[in-house]
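Below is one structure; the comments refer to it alone.
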Amino acid sequence: MNILLFFSLGGSEILVIFGVVLLLFGGKKIPELMRGIGKGIREFNSARSSIESELKEGIRDAERKELENKAQKQEGPIERY
């Protein structure tokens, strides 16, 4: 719901918000603040992609084991003469 409110902002509202941020942090602090936000976003994306790859690998392993179990059940026990 809050995301929908953000996208309904007009140009003048965004300028007012930018002005307030400029007054609160000052012109010299804004680049530092943006770098910090960018670094946080990069770390989040990196963690998300590593979790996704681990989940995909786990799913592949489970599917592989399931196929091996099905193959063993179809072959049955080996009989020796």
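The values are calculated or read from the model by the stated rules, or taken from the named source; none is laboratory data. Note that the coordinates shown come from a computational prediction; the quantities given were computed from them, not determined experimentally. Cβ sites come from the backbone with ideal geometry, for glycine too, and all protein chains shown count toward neighbours.
Below, the figures for the structure above:
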item: Count of residues meeting criterion [modelled with pLDDT of 80 or more and within 25 Å of the chain's Cα centre (by Cα)] in segment 1-40; result: 10
item: Any hit, segment 50-58, residues being part of a helix (DSSP H, G or I), at pLDDT below 85 and surrounded by 10 or more Cβ atoms within 10 Å (Cβ to Cβ); result: no
